[in-house]
Amino acid sequence: MKLKRLEQLNTGLLAGLVILLGIFLAGLLAPWIAPHDPLAVNLASRLQSPSWTYPFGTDHLGRCILSRILYGIRISASSAFIILFLTMLIGLPIALLTGSVRGRTDNLMMRFIDSTLAIPDIVLTIAIVGLLGPGLVNMIFAIVLVRWASYVRFIRSLVLKIFQEDYILSAKMAGNSHFRILRRYVLPEIKMPILVFGALDLGKIVLNIAGLSFLGLGSQPPTPEWGAMLNDATDYFQISPYVMIFPGLAIVLFVLACQLVSEKLGELRYDFR
Amino acid sequence: MLKFLLERLLQLVLVVFCVATLTFILVRISPGDPATIMLKANEVPASSEAIHALRSELGLTNSISGQYIEWLQQIFTGEWGESFVSQKPVINELFVRLPATLELALAGLAIMLAVTFVMGISTAVYENGLADKIGRVLALLGSAIPTFWLGFLCIYLFSVSLGWLPSIGRGSFENLILPATTLGLGLGTVYARVLRAHMLELLQQPFVKASRARGLSKKRILVFQILKQALLPIVTMVGTSFAFMLGGSIIVESIFSWPGLGQYVIESINMRDYPVIQGYVVFAAILFVGIHMLVDFIYLLIDPRLRV
């Protein structure tokens, strides 16, 4: 991005980025800003409503909900980024290759991907985690194993479109190698759309992680994680709704910020050519 | 038409093959010996003789390739093994729970469609009005709120605070309302935006100008002329979202203790009941590819242009 175009960063994009940055910072600084130890059990003060000592109340073991949410950022955000990175790592080369070379491999690959995409992500992910055994690492593995296909499909469609352009043809005629064409002419062109897609997907991944942890398949207790906190809340939220309200709000805030960033980036993309 | 069907059938076989292979690999690399787990599930003391006897009975002492071929044969002949826990054939256990899940998914779909149409049409008619602005916010929230949290909020509001509706179990119509709403609401708000955008796009056509010139109101044109054209993409949406409903029902079922496939598979995961989990994936794969085939087929019937 050129600096002189920075004024185009509208307030929406700025707000989204600030929220996301704030969330990451809060996760990073959790040991210093959290009012309590997220694992400290205190049965005398269980299921309390918000107060000055416990701003978001306490859960069924008397643990501070605010502290747990802050520490939960570390798990949710870092696993979401790991997943995003790994899916890109797998998806991008495959998409670049199959989209630019075409032919039989591409055909077979797409048929395979289209078939797997017929099965909803969550079903496959749950089955994979179920067979491997619940846990954070297995969950990350399962989500990556399921998600990369949609990346290939999306990025491949971008590559296909670019390869129909005349400038690719002239680049070929000028004697550029295939690899050089991809790096010099294709990658810069698909950078922004991928960023837009990735920002939106970051939110979806967080929802995915939270959903699996909610089912008890992701991070295991007593690790503070948003979805797992909601799982803990299942038996208690009817008595004290705060055990579910605040972790849920944290998830919604994160996902909304991702959507906002993605949408505003998408609007920008045409101006940055 | 025959070519289409054959191609789709081939795709089904391919998917089942891939899923079966995947589950086979996963079970082999997952920690824990199936024989030991099975004995534990039946509360039999896992002595080494008992484990060995069961291992050879289950065919676990055969070579890996032999096991793999046998597993593929089993999958394609419908012999999916027996549940470690209940000792009943997996396929029967799955079919017993299918109706509950289908009921929930269909109800979720109905709620989704209702929301899509009411919100989509009203936001298109009052473009940039109050309803439109509310619709935009709802659609944003609809895709950001996790289903399980929405379920909790619904239970807290309608069961705990107001006491209007039951929060768990299956049976009467009242039991269905909250789970179906939880399942369908979010996607409904998102699709409402799609329908709105599509209707407004169709509004650019020349015949609209002609109708306006003859004195028809924009509202009338939207509802009586545009809507019909906007329905076609909705048909595809219904197919894909039905698959989405079936997938999403796993989480909703576990919130509302709905006795369907999703709750069963989560239970089985907690009991380490491998045959059930394996059977479930293959079952789901067949179900979803089947739905896709059906949608494509319906599309072919509705839109004659595609038949050429």
message: Being open to solvent by 10 Å² or more (accessible area, probe 1.4 Å), among the small types (Gly, Ala, Ser) and either on the phi > 0 side of the Ramachandran plot or within 14 Å of chain B (Cβ to nearest Cβ) (or both) is the requirement here; does residue A:115 meet it?
response: no
query: Is there a residue in the stretch B:138-154 that is within 14 Å of chain A (Cβ to nearest Cβ), modelled with pLDDT of 85 or more and outside any helix (DSSP H, G or I)?
result: yes
message: Let me spell it out: the conditions are (1) out of contact with any helix residue (DSSP H, G or I) (no Cβ under 7 Å at 6 or more places or on another chain); (2) closer than 17 Å to residue B:278 by Cα; (3) within 12 Å of chain A (Cβ to nearest Cβ); (4) assigned to a helix (DSSP H, G or I), and residue B:74 meets all of them except one. Which number is the exception?
response: (3)
field: Condition met for residue A:30 (closer than 29 Å to residue A:188 by Cα, under 21 Å from the mean Cα position of the chain (by Cα) and buried (at least 18 other Cβ atoms within 10 Å of the Cβ))
entry: no
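Select from the stretch A:118-154 the residues that are more than 11 Å from every other protein chain (Cβ to nearest Cβ), free of Cβ contacts under 8 Å to residues at least 24 places away in the same chain and open to solvent by less than 10 Å² (accessible area, probe 1.4 Å) and list them in ascending order.
Residues satisfying the conditions do not exist here.
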message: I want to confirm something. Restricting to the stretch B:237-256 and keeping residues that are at the interface with another protein chain (Cβ under 10 Å from one of its Cβ atoms) and among the polar types (S, T, N, Q), which single residue is surrounded by the most Cβ atoms within 10 Å (Cβ to Cβ)?
response: B:249
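Here is a yes/no grid of residues against (1) open to solvent by less than 40 Å² (accessible area, probe 1.4 Å); (2) at pLDDT 85 or above; (3) more than 23 Å from residue A:139 (Cα to Cα); (4) among the aliphatic types (A, V, I, L, M):
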residue	(1), (2), (3), (4)
A:215	yes, yes, no, yes
A:226	yes, yes, no, no
A:238	no, no, yes, no
A:255	yes, yes, no, yes
A:259	yes, yes, yes, no
A:273	no, no, yes, no
message: Being open to solvent by less than 20 Å² (accessible area, probe 1.4 Å), part of a helix (DSSP H, G or I) and more than 12 Å from every other protein chain (Cβ to nearest Cβ): is that true of residue A:188 here?
response: no
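The values are calculated or read from the model by the stated rules, or taken from the named source; none is laboratory data. In this text the structure is predicted, and so the values were computed from the model without any measurement. Backbone-built Cβ (ideal geometry, glycine too); neighbour counts: all protein chains shown. Keep in mind that these areas ignore ligands, DNA and RNA; they rest on the heavy atoms of the full protein, side chains included. Shrake-Rupley method; radii C 1.70, N 1.55, O 1.52, S 1.80 Å.
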